[in-house]
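The values are calculated or read from the model by the stated rules, or taken from the named source; none is laboratory data. Note that the structure is a prediction, hence the values are computed from the model and not measured. Heads up, the Cβs are rebuilt from the backbone with ideal geometry, glycines too, and the neighbour counts pull from every protein chain shown.
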Amino acid sequence: MSVYGSISHGQFIGGKYRDGTGNHAIEVTNPATGDIVASFPTASADDVDAAMSAAADAFPAWSRATPGERAHALHRLGARLGELAEELAQTETAQTGKPIRLSRDFDVPGTIDNAEFFAGCARHLEGAATAEYSDHHTSSVRREAIGVVASITPWNYPLQMAGWKIFPAVAAGNTIVLKPAESTPLTSLMLAQAAVEVGIPAGVINVVNGPGRSVGTQLMAHRTPKMVSFTGSTPVGRSIASTASETVKRVHLELGGKAPFLVFDDADLDAAIRGAVAGALINGGQDCTAATRAYVQRGLYDDFIAGVAELMSKIRLGDPFDPDTDMGPLISRRQQQSVAEIVDRARGYGAKILTGGSIPGGELAVGSYYEPTLVVDVDQRSEITQTEIFGPVLVASAFDLDDEGLDLANDTPFGLAASAWTTSLFRAQRASREIAAGCVWINDHIPVVSEMPHGGFKHSGFGKDMSKYSFEEYTNVKHVMSDISGIAEKGWHTTILGNARSK
């Protein structure tokens, strides 16, 4: 068995690493080289049951811990992740192929910041003021933990997505069973171990690993969780919502995206070009908020696509552990082939590839790399314009009137993120109001902060990650109404007891 770092088992249940008892093995592969980074047995249905039992057993004490106690625990966890920062970054790059700069400068610091933010949220429960809303009663609102939460995270940002699910859930007093993508489980296991190291009780955070079609399905259908949270594709999200409905679980879904990048003719052209390339190529384009559809007003269009093509051609593909590498491989050969096929079909239908559009050869052929690609002359209804590609591909089209640009931006079943580029306050305000997406950036594309919500509209799902809104997703709201009159005969009793008044 090949292992990475201190991880020798694929499951973390009840505060301990353990082997899965499934019939198959997980092989974590470095997509830049094809080397096996780690291998261990998958979870079985018995392992899922054990994780659920551990989480259920831990819930009563953890939910009764004071907000201050939970906050201190998350602060300690954030500090511990800081101590592990370089190991986490190296592990994240090894299992995903993302550039080490991205792991060091974005994934790990963002996760630590999330832990710190939700530590603060634990002590700031919000609700209606305690007051007398009727003549004879005082009303108050309690926010209470839901119970055990079952979560599934994707392979593109394994550590950050684990944090986005775990931190608000446990800050609110819940316990959790997390299933990472089977191709990228290592940093989620490290996070769970770090939690125990800083004193978060065994069973509060559990991790099970295995394929979605087996372990993921068992997790979502299990009767123990009171809530399920999923980040991934829209088709899988639909299936999870259907499965969860059978046991009436609360559902939180962050699904696909096809973000528009809307450039008006008064935009700062250089800023828009740099923003488009960075927003389209971050993490190899394997980002549900990545810029995928550039709509550029006619006056800037030719200069925009020329500038984007030139800048894309300078992006350095290579060894993800080399700090000079700008873009690493895609997650797998399967994803590489999927991206290549979509671009090839667009080419066959008459689209023009201004740069990229190929699987590189030479030294890069050993990994699942794909060239940064700019595609123009495409139909709005085409597959490459409407389908989430999840690769380093940007499609660009021109528009004339503002109304047309906004209509094109909204012409998608998705609604996760978008950006608008303009120096006009009025255009910026109109775009932020009329674009149907959970996040609209003005003159930038991609940045996220712990204090602000992340989540979509339409086929991009519902519910929020990060921010106090995410924290609220993981609580039940309870109204407590107390009589303060001491009067046995209430006025409303006459609706039932009109002829049976007290003597």
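Observations
- With respect to the conditions (1) surrounded by fewer than 19 Cβ atoms within 10 Å (Cβ to Cβ); (2) part of a helix (DSSP H, G or I), MET52 falls short on a single one, namely (1).
- Scanning the range 349-383 for residues that are crowded, with 23+ Cβ neighbours inside 10 Å, in contact with a helix residue (DSSP H, G or I) (Cβ under 6 Å, 6 or more places away or on another chain) and assigned to a loop (DSSP other than H, G, I, E, B) yields SER368, TYR370, PRO372.
- Just one residue in the set ASP46, ASP19 is in contact with a His (Cβ under 8 Å, 6 or more places away or on another chain), over 27 Å from ILE282 (Cα atoms) and surrounded by fewer than 20 Cβ atoms within 10 Å (Cβ to Cβ); that residue is ASP19.
- Test: residue in the range 108-129 that is among the aromatic types (Phe, Trp, Tyr), assigned to a helix (DSSP H, G or I) and at negative phi: yes
- ALA272, sole failed condition from (1) of a type outside the set (Ser, Thr, Tyr); (2) under 27 Å from LEU102 (Cα atoms); (3) without any contact (Cβ under 8 Å) to a residue 12 or more places away in the chain: (3)
- Scanning the range 195-248 for residues that are charged (D, E, K, R) and touching a residue at least 40 places away in the same chain (Cβ under 8 Å), we see that the one that is surrounded by the most Cβ atoms within 10 Å (Cβ to Cβ) is LYS226.
- Of all residues in the range 84-98, those that are surrounded by fewer than 24 Cβ atoms within 10 Å (Cβ to Cβ) have Cβ atoms under 7 Å from Cβ atoms of residues that are at pLDDT below 95, 6 or more apart or on another chain, in GLU87/GLY5.
- Scanning the range 201-242 for residues that are over 17 Å from ALA162 (Cα atoms), out of contact with any strand residue (DSSP E or B) (no Cβ under 8 Å at 6 or more places or on another chain) and not aliphatic (A, V, I, L, M) returns PRO201, ARG213, SER214, THR217, GLN218, ARG223, PRO235, ARG238, SER239, SER242.
- For the range 114-142, residues that are surrounded by 17 or more Cβ atoms within 10 Å (Cβ to Cβ) and of a type in the set (D, E, K, R) total 1.
- Hits in the range 289-300 - residues which are assigned to a helix (DSSP H, G or I) and surrounded by 20 or more Cβ atoms within 10 Å (Cβ to Cβ): LEU300
- The set of residues in the range 463-489 being out of contact with any strand residue (DSSP E or B) (no Cβ under 6 Å at 6 or more places or on another chain) and surrounded by 14 or more Cβ atoms within 10 Å (Cβ to Cβ) consists of LYS464, SER467, LYS468, TYR469, SER470, PHE471, GLU472, TYR474.
- Cross-chain or 6+ apart pairs with Cβ under 6 Å, the range 112-131 first and closer than 21 Å to ARG76 by Cα, then among the small types (Gly, Ala, Ser) and not in a helix (DSSP H, G or I): ASP113/SER450; ASN114/SER450; PHE117/SER450
- The range 303-337: number of residues that are touching a Ser or Thr at 6+ places or on another chain (Cβ under 9 Å), part of a loop (DSSP other than H, G, I, E, B) and farther than 13 Å from GLY391 by Cβ: 6
- Of all residues in the range 451-466, exactly one satisfies the criterion of being closer than 17 Å to ILE435 by Cβ and aromatic (Phe, Trp, Tyr), namely PHE457.
- Residue identified as touching a strand residue (DSSP E or B) at 6+ places or on another chain (Cβ under 8 Å), outside the structural domain of PHE471 (by TED's automatic domain parsing) and without any contact (Cβ under 8 Å) to a residue 12 or more places away in the chain among ASP19, ASP35: ASP35
- Selection within the range 182-191 - crowded, with 24+ Cβ neighbours inside 10 Å and either in a strand (DSSP E or B) or out of contact with any helix residue (DSSP H, G or I) (no Cβ under 7 Å at 6 or more places or on another chain) (or both): PRO185, LEU189
- Of the candidates ALA278, ALA271, ALA346, ALA306, the single residue that is among the hydrophobic types (A, V, I, L, M, F, W, C), loosely packed, with under 14 Cβ neighbours inside 10 Å and assigned by TED's automatic domain parsing to the domain that holds SER382 is ALA306.
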